[in-house]
Amino acid sequence: MQRIRREDALEEMNRTFVIEAFIRRERVCISKRHGVWDWDQDGIPAWLLPVLRDSGLLP
């Protein structure tokens, strides 16, 4: 069984949901196993940076 990192589990979620949570600065419940993604504590994952830049949400 392959272990999935928290960042990868977040990436597998609905992208629109994740972006909306980022905009609202809401924590995202990934799963019981992976816990909650807190933007202030966990930061922005590398895979999401270009998406946010292309959307005009980051400089």
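Any read-out appearing in this document is the output of simple, stated calculations on the displayed coordinates, not a laboratory observation. All values derive from a computational prediction rather than experimental measurement. No Cβ is skipped: glycine too gets one built from the backbone with ideal geometry, and neighbour counts run over all protein chains shown.
Counting only residues that are of a type in the set (D, E), give me the helices (runs of 4 or more DSSP H) lying completely in the chain with at least 3 of them.
The helices (runs of 4 or more DSSP H) meeting that bar are 6-11.
In segment 24-43, which residues are surrounded by 11 or more Cβ atoms within 10 Å (Cβ to Cβ) and out of contact with any Leu (no Cβ under 7 Å at 6 or more places or on another chain)?
E26, R27, C29, S31, H34, G35, V36, D38, W39, D42, G43 - these are the residues of segment 24-43 that are surrounded by 11 or more Cβ atoms within 10 Å (Cβ to Cβ) and out of contact with any Leu (no Cβ under 7 Å at 6 or more places or on another chain).
Just to be sure I understand the filter: pairs with C-beta atoms under 6 Å, separated by 6 or more residues or on different chains, first member in segment 43-59 and closer than 13 Å to F22 by Cα, second member part of a loop (DSSP other than H, G, I, E, B). Which pairs pass?
Close Cβ pairs satisfying both conditions: L52/L58.
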